[in-house]
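Encoded as structure tokens, the structure appears first; notes follow it.
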Amino acid sequence: MNASQLLENEYSGHFGTYIKEAGDGNLFEELEISLHEFIRFIQDIPMDKFDYRYAEGKWTIKDIIQHVIDTERIFAYRALRFSRNDKTPLPSFEESDYADNTNSNGRSIQDLLTELSAVRHSNLLFYKSLSEEQLKRIGTASGNPISARALGFVIIGHQKHHQKIFKERYL
């Protein structure tokens, strides 16, 4: 299943930006490939850059990696709910509240990448367990309709978005 196979009713709003960013690879393959590309990319960043902030009040690279982890968990939770036919609308979340309440800068890069890898592998197994029908189920998150499978592409695109931010503003 590729992003180009998503139907018009499977997502809207800001989710489309991340789906476009994900590209048009196979969902299962891209969940794995994008993780390995991200880890390799992070491992090539000089150590002195991990605590760098490009402006006052901006997050460090470690903060952003933790944000990617937290956000992936939230997107996967939404996909779980929708795939199980839970029609309860899910609210948005305040990413700054999450970032303000972590210890990301007190953690090692290896620890953050290990956690990201564990979360992604768990989500990959989850996505592979879903039937075609479950993948296509739609719920409401942040006031927008979105399918379980579209959320998988959002996970990929959100990570790629932040990798681009690293290149543009941190390195």
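What to note about this one:
- Segment 1-73: chymotrypsin sites (Phe, Trp or Tyr not before Pro) falling in loop per DSSP and having at most 15 other Cβ within 10 Å: Tyr52, Tyr54
- Qualifying GluC sites (Glu not before Pro) in segment 22-111, where qualification requires a DSSP coil assignment and no more than 10 other C-beta atoms within 10 Å, comprise Glu56, Glu94.
- Note on the chain: lysine pairs with Cα distance below 14 Å, sequence gap of 8 or more or different chains, count 7.
- Protection-proxy order for peptides 81-92, 111-122, each taking the mean of Cβ atoms within 10 Å per residue, highest first: 111-122, 81-92
- Accessible surface area normalised per residue over the chain is 49 Å², counting heavy atoms of protein chains with a 1.4 Å rolling probe.
- Label sites at Ala99 and Ile45, each approximated as a point 7 angstrom past Cα along Cα to Cβ, lie 1.3 nm apart.
- On the chain, 48 percent of the accessible area sits on carbon and sulfur atoms, based on a 1.4 Å probe.
- Alpha-carbon centroids, segment 77-125 and segment 1-67: separation in whole Å: 13
- Taking the chain and dividing mean pair separation by its residue count, relative contact order in percent (alpha carbons under 8 Å, at least six apart): 42
- Segment 61-128, relative contact order in percent, only Cα pairs under 8 angstrom and at least six apart counted: 56
The values are calculated or read from the model by the stated rules, or taken from the named source; none is laboratory data. Remember, it's a predicted structure, so these values are computed and weren't measured experimentally. Note: ideal-geometry Cβ built from the backbone for every residue, glycine included; neighbour counts use all protein chains shown. Keep in mind that these areas ignore ligands, DNA and RNA; they rest on the heavy atoms of the full protein, side chains included. Shrake-Rupley method; radii C 1.70, N 1.55, O 1.52, S 1.80 Å.
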